[in-house]
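Below is one structure; the comments refer to it alone.
The values are calculated or read from the model by the stated rules, or taken from the named source; none is laboratory data. Since the model is a prediction, treat every value here as computed from it, not as a measurement. Cβ placement follows ideal geometry from the backbone for every residue including glycine, while neighbour counts extend to all protein chains displayed.
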Amino acid sequence: MFWDFIQETFRSFLSLMSTFRIVDFLDICLVAFILYNGIKLVRETRAVQLVKGLLFLIVLKLVVQWLDMQAVGYLLTLLFESAVVIVVVLFQPEIRHALETVGKSSISNIGLFNGKNANILKLRDDWKNAIARICRAASDMSDKKIGALIVFEKDIMLGEIIKTGTAIDAQVTAELVGNIFYPKAPLHDGAMIVRDGKVCAAGCILPLTQNNAISSELGTRHRAALGISEQSDCMVAVISEETGYISIALKGVLYRNISDGELRERLTNYLLGDIKDGDDNILGRVKKWAKKD
């Protein structure tokens, strides 16, 4: 019985493959590309909650059809008949952002070899400069006992956190970091978010850790640093206002009282460890594999 099922499945697969064309392969790749970029578009915004709501309605409709609940089924049918309009209205900001992104894209940004390599090199340089300047500012703020909370975004996007603060989108300088966390500055109490080697936002509100086992002497900044590090893969630098000590929060663990040199080393290893240099493209990887063999 089972063997018959396997044979029938295999025959169906061969029948399907006999009619499979290169256009079908391109069609599948295009659909996958659209879905992938759609997920990237909504994953760092509130739209992800709307997507969950739409998925719930789809599952509810299937259940209602299975149970033959006519009244609820009629209401859901009316709702889904206007689905296109509803999606456009609900996702208007995300759709506009997607179209703007496509319009701003250039051939070099989507190139397979040189464009990608150039972007990687620029990202690497931006992070190196940002780390050096932030560490210099951190050393100065530590000496002056100026409190600071700096979040270094990695792979998990922090769009919801960024929306709680003030957008800046500026190159990192030691002077800018010092001005943001100056005690009388309006943004000094919140967190500064660094994305792709640039100051993305400041004055952001972070979630506090729910871990009750941490030391009672830790203040709100340290608890906020632990909280966001528990929920994402970011690295957070904290400067204590009381002691001037520099600490780092990563994956729910707090490393306290480190030097500015150790801060630079940890940030460099963590943030630049996955960003390779000039050979980080397809041709470069092929060369490396060939050398290994």
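Summary table below
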item	result
Sole residue being out of contact with any Ser or Thr (no Cβ under 6 Å at 6 or more places or on another chain), assigned to a strand (DSSP E or B), among the small types (Gly, Ala, Ser) and assigned by TED's automatic domain parsing to the domain that holds Ile248, chosen from Ala167, Ala185	Ala167
Flag for Leu263 being under 18 Å from Gly147 (Cα atoms), in the same structural domain as Tyr182 (by TED's automatic domain parsing) and in contact with a Cys (Cβ under 6 Å, 6 or more places away or on another chain)	yes
Boolean, Leu226 is touching a Cys at 6+ places or on another chain (Cβ under 6 Å), modelled with pLDDT of 90 or more, on the phi < 0 side of the Ramachandran plot and in a helix (DSSP H, G or I)	no
Number of positions in segment 201-223 that are surrounded by 22 or more Cβ atoms within 10 Å (Cβ to Cβ) and part of a strand (DSSP E or B)	3
Any hit, segment 171-185, residues being small (Gly, Ala, Ser), farther than 23 Å from Gly244 by Cβ and over 16 Å from the mean Cα position of the chain (by Cα)	no
Selection count where residues are under 21 Å from Lys154 (Cβ atoms) and either of a type in the set (Ser, Thr, Tyr) or surrounded by 15 or more Cβ atoms within 10 Å (Cβ to Cβ) (or both), scope segment 243-255	7
